[in-house]
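What follows is one structure encoded as C-alpha cells, with my remarks underneath.
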Amino acid sequence: MISVRHLYKRYHNHHGSDWVLKDINFDIPTGLSVGLVGRNGAGKSTLLRLIAGMDAPERGEVIRDCKVSWPIGLAGGFQGSMTGRQNVKFVARVHGDEQKINQVIEFVEDFAEIGKAFDEPIKTYSSGMKSRLAFGLSLAFDFDVFLSDEATAVGDRAFKAKATKAFKEKVGKAGLIIVSHSEGILKDLCQAGIWLHEGNATWFDDINEAIAAYHKSTDQPKQLT
C-alpha cells in the first residue's frame, strides 16, 4: 500500500510560492491502478514525483510498503559520458541482483531497438533514443507499483504500439499510478482515479467518475489538458 498523509508541496520563486498541493490524504492499495486527472499545472506530475521519492514534500509524508518504480520512460537520470549499455548495467546493479544483470541488459538492448548506439555515449543520443532506452529499462524490473507520466507517448507508431503492449502486460501483474492526456488510456488501464484541483485531491473509486469531475470543472469537456 502507498499512503499519502497531510502532504503539502510548493515551489519557491520570485513570483511567490502558492501551494501546488495542500493537505493531500489518500491510500492506494497494492495492485490497484489509479489515474491522476486535472488541468495542466494541477500538480499531477509533482504528485507522481513525490510518490516516487524523487522530490520531497514541504510537509507531510508518503509511506510506501511496496516496491515502487521511478516514472516509466524517465530519461533524465542517465550519465551522458557512459554508453547505453553501461548505464543499464549500473541501474541493474543498484535495483537488481548480480545474477540478473545480463538478463536486464539483453532485455533493454532488444526492447530499445537502437542498434549500435547501445554501445555509444548517451550524450550522442537523440531524445527519442533516450526515451526508448529509458522505457525498456523501466520495464526490465518487477515492481509492485509502476508509475507512468505519458509513458506510452514514446517513439514512432510501431514503437508506441510495442511499448503500449509491453506496458499493459506489466501493469496486468502489478499496480499503476498514471498521468495521461488520453482518456482512452486512463479508462483502459485504471480502476480508480484522483482528481487534482486547486491544490486539493479527491479520490474516486471509479476512474470514470474522476474524469467526469474534471470535465465538470473545465470548459473543455472532451479533452484532458
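Only the coordinates and a few stated rules stand behind these numbers; no lab work does. All figures in this text were calculated on a predicted structure; none of them were measured in a lab. Heads up, the Cβs are rebuilt from the backbone with ideal geometry, glycines too, and the neighbour counts pull from every protein chain shown.
Could you line up CYS66, CYS190 from fewest to most neighbouring Cβ atoms inside 10 Å?
Least to most surrounded, the residues fall as CYS66, CYS190.
Computed FRET efficiency, Cβ-Cβ of GLU120 and MET54, R0 30 Å: what is it to the nearest 0.05? Don't skip to the answer; put the middle values down first.
On the way: r = 27 Å, r/R0 = 0.90.
Efficiency, rounded to the nearest 0.05: 0.65.
Counting only DSSP beta bridges with both residues in the chain, tell me the antiparallel percent, nearest 5.
55 percent
Can you compute the label reach from THR218? Point 7 Å from Cα along the Cβ direction, backbone N cut-off under 15 Å, restricted to region 19-50.
The answer is 35-45.
Using 0.36 nm times the number of residues separating SER127 and ILE101, minus their current alpha carbon distance, what extension gain do you get?
6.9 nm
Roughly how many Å is it from the Cα centre of region 9-75 to that of region 163-193, as a whole number?
Answer, in whole Å: 18.
For the pair ASN40/HIS181, report the inter-label distance in nm, with labels modelled 7 Å from Cα in the Cβ direction.
Between ASN40 and HIS181, the label points sit 0.7 nm apart.
Distance in nm between label sites at PHE90 and ASN208, each 7 Å beyond Cα in the beta-carbon direction?
4.7 nm
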